[in-house]
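The next block holds one structure in the form of structure tokens; read it before the comments.
The values are calculated or read from the model by the stated rules, or taken from the named source; none is laboratory data. The structure presented is a predicted model; accordingly, all values stated were derived computationally and were not measured. Cβ coordinates were reconstructed from backbone atoms using ideal geometry, including for glycine residues, and neighbour counts include every protein chain displayed. Please note that ligands, DNA and RNA were not included when accessible areas were found on the heavy atoms of the full protein model with its side chains. Shrake-Rupley method; radii C 1.70, N 1.55, O 1.52, S 1.80 Å.
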Amino acid sequence: MHLVSANTAPEKVAAPSVLESQHGSVRPLAAEDLERVAALFLTKFRRRRRLLDRAIAETAAYMREIYLDPAGQSGSSNALVQINRQGRLGGFLGVLKARYELNGAALNAAIIGPLMADPDTDHGSAGPQLLRAVHQGEFDLQLTDSANRISLAFARPMKYQLLPVHCLGWTCIFRPAAMAAAALRRKWPGLPRLALDPCARAFDALAKGRFEPPVQLSSSQRVHREPIDVTQFAERLPTLLSDYSLRPSWKDGELPRLLALAAEKRADGPLHFGGTYDETGKMLGCYAFYGQAGDIASLLQIQASGSHWGATLDGLIAAAWDMGCVGITGQTQSKFMPQLFGYRNLFFRYAGGTMVHSRIAEVTQAVRSGDIFIGGLMGDRWTRLSSDDFGR
């Protein structure tokens, strides 16, 4: 692992060549693997007992888009497959390349996504073998914000640093019965609205006093919120990251392309953007969330400068409320944890492991001190693989 000058663009990270072991080999994902990987994904993460051709085809096409054909990249995929001694697919590890910078030095990062093994062909070796292969590549740091408990067990012996606060999700309830109904419809899409919505409206009317609008935007008239578009968000977000020493380095239109991919996600509704401003028109913070009336909004990214996290969080929640969302959920960050404690009807839960691994001492120290921008766009929860039900 090494640091290079920020004035020098990092070279394409070479995907590992074929790595052999007594359990099989690891190599970059190839086009001919996509259908088998897609079928394994649907079985493991969507609990599909009956695999439909259209679901496999849609999942495989999406994996091609993010793992084989990412804009601006060439050469082998950074995603990996494990092939057992019999030549069958044993496991898969989704890897997205990203750029970071630390105190002016450029870093290549691997964002680790789905890690899965086929129980019919693997006997516990595929997961560790795939993770070791990533570590043997030319990445300066590896990170994930969506590790399940099995992945946590694999990563612990490899000295990943766990970020406990980022492992939590938060949910703010606006209309409790309508939120429960929305959650049921997500789990069972065929449930008729006529059977749920009237009861939900009646209960929420009775509970209105307890669940008033959860927030009023900062009482200071000098702060206001406005909707913004994707271009404005992409321009302003990087300028709000100066509080972090270890932060992403988006170049050559990477952030707009990333946001375009994030907008393809369907499960949580359309993607919306907003900002908070002072009386001079200076942006104090910005946010992006998925949402639509009658459904649960989902935070993609929030960022603020200095002491303006409270006003920015107020703006986000007010925007979701005004849209008619029944509640909002998101990933926690240490920067706005104190503000979250001030809301009524807000609950925390374990949402997925956020971990970082690096052999560079300065990176390790920045992570240990919480001086890292991670999660949201610097994770994999923005992908359709995190939530969408393919083929339906």
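Brief remarks follow.
- Rounded FRET efficiency, nearest 0.05, which uses the C-beta distance separating residue 339 from residue 64 and R0 of 51 Å: 0.80
- Shown are 392, 175, whose ranking by accessible area with a 1.4 Å probe and every protein chain present, most to least, is 392, 175.
- Local net charge near residue 247, Cβ-Cβ under 11 Å (Lys/Arg +1, Asp/Glu -1): -2
- Measuring nothing but alpha carbons in the range 74-181 and taking Rh as the Kirkwood radius, the Rg to Rh ratio lands at 1.08.
- Largest first, the residues 368, 47 sort by 1.4 Å accessible area into 47, 368.
- Over the chain: helical MRE at 222 nm, DSSP H runs n ≥ 4 each giving -39500 (n - 2.57), nearest 500: -8000 deg cm²/dmol
- Per-residue extension of 0.36 nm, minus the Cα-Cα distance of residue 32 and residue 158, leaves a gain of 42.3 nm for this segment.
- Residue 32 accessible area, assembled protein chains, probe 1.4 Å, Å²: 130 Å²
- For q = 0.18, 0.19 Å⁻¹, Debye-computed log10 I/I(0) when each Cα of the range 222-361 counts as one equal scatterer: -1.17, -1.30
- Using distinct alpha-carbon pairs, which all enter the 1/r mean, Kirkwood radius of the chain in Å: 22.1 Å
- Inter-part distance where the range 261-311 and the range 79-155 are each reduced to a Cα centre, Å: 30 Å
- Full-stretch length increase - residue 349, residue 44 - with 0.36 nm per residue and alpha-carbon distance subtracted: 107.6 nm
- Net charge of neighbours whose Cβ lies under 15 Å from the Cβ of residue 267, counting Lys and Arg as +1 and Asp and Glu as -1: +2
- Length gained on full extension, residue 53 to residue 322: 92.8 nm, using 0.36 nm per residue less the C-alpha separation.
- DSSP bridge pairs, the chain: antiparallel proportion in percent, nearest 5: 90 percent
- Between the range 325-392 and the range 47-66, the alpha-carbon centres lie 26 Å apart.
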